[in-house]
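K.L.:
Can you keep this structure in mind? I'll have questions shortly.
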């Protein structure tokens, strides 16, 4: 897995072995960042269910000022830490090794509404993980914030606090964008 663009373009990232992780493909990452490229510089990200951290690292490479990486699988947290160290990004990132909902609650207590963009990508069949994370995001997203959800074609997570802006399909991967509605 390589970083597509920005400061770390072409750099290879460590990934998790086996089938426990489903990294977002380069095609999907490029499509997401093409749509939101004007929002990335200077933004604060939350990469939920981060796996090896590819989405958040792509955001940092393209100018995001900070990214929180969250995953509940300790080997994933270690791979994220390796990737951040490889690119000397430790000062621009934080890792929380906990489930998504718990991590959101912890961040909300420490920083309030401090996140500009959330990328949520749990295992597709774990609808409870989507629901728990989404339930806690209004406490974190800034006015005008953006939630990007990666999901399967047969399931659209319910996001009551934001307007669904657009949904795009890339093979078996679906990306839905939800906007808080207030200007940044």
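FYI, it's all coordinate maths here, none of it is from the lab. Note that this is a predicted model, so its numbers are computed, not measured. Glycine gets a Cβ as well: all are built from the backbone with ideal geometry, and neighbour counts include every protein chain shown.
K.L.:
For the chain, what does the helix formula give at 222 nm: sum of -39500 (n - 2.57) over DSSP H segments with n ≥ 4, over the residue count, nearest 500 deg cm²/dmol?
P.N.:
Taking each H run of at least 4 residues, the total per residue is -9000 deg cm²/dmol.
K.L.:
Given the Cα-Cα distance of residue 9 and residue 172 and 0.36 nm per residue of separation, how much length would full extension add, in nm?
P.N.:
Length gained, residue 9 through residue 172: 56.1 nm.
K.L.:
Given 0.36 nm per residue, what is the gain on full extension from residue 88 to residue 179 after removing their alpha carbon distance, in nm?
P.N.:
Additional length available on full extension: 29.6 nm.
K.L.:
Using the Cα atoms of segment 26-179 to build a convex hull, what is its mean projected area in square nanometres? Intermediate values should be presented prior to the final figure.
P.N.:
Details: hull surface 32.4 nm².
Averaging across all directions leaves 8.1 nm² for the Cα convex hull.
K.L.:
Given an 8 Å cut-off on Cα distances and at least 6 residues of separation, report the relative contact order of segment 26-179 as a percent.
P.N.:
Relative contact order, segment 26-179: 19 percent.
K.L.:
Still on this structure: By counting other Cβ atoms within 10 Å of each Cβ, how are 58, 30, 150 ranked from fewest to most? Could the numbers behind the result be given before it?
P.N.:
Numbers: 58 29, 30 14, 150 21.
With the fewest neighbours first, 58, 30, 150 line up as 30, 150, 58.
K.L.:
How do 152, 110, 176 line up, fewest other C-beta atoms within 10 Å first?
P.N.:
Taking fewest neighbouring Cβ atoms as first place, the list is 110, 152, 176.
K.L.:
Right, something else. Using just the Cα positions, wrap segment 1-57 in a convex hull and report its mean projected area in square nanometres, one decimal place.
P.N.:
Mean projected area of the Cα convex hull: 4.1 nm².
K.L.:
What order do you get for 36, 57, 95 when you list them from fewest to most C-beta neighbours inside 10 Å?
P.N.:
Sorted ascending by nearby Cβ count, the order is 36, 95, 57.
K.L.:
Then there's this: Of all beta bridges DSSP finds with both residues in segment 26-179, what is the antiparallel percent, to the nearest 5?
P.N.:
Antiparallel: roughly 40 percent of the beta bridges in segment 26-179.
K.L.:
Among 122, 138, 157, which one shows the highest mean-square fluctuation when the chain is modelled as a Gaussian network with alpha-carbon springs under 10 Å?
P.N.:
157
K.L.:
Using alpha-carbon pairs under 8 Å, 6+ residues apart, how would you state the relative contact order of segment 91-184 in percent?
P.N.:
Numbers: 150 pairs, mean separation 25.4, N = 94.
With pairs under 8 Å counted, the relative contact order is 27 percent.
K.L.:
Quick one: if the Förster radius is 25 Å, what FRET efficiency do residue 152 and residue 78 give, using the C-beta to C-beta distance and rounding to 0.05?
P.N.:
Numbers: r = 28 Å, r/R0 = 1.10.
Efficiency at R0 = 25 Å is approximately 0.35.
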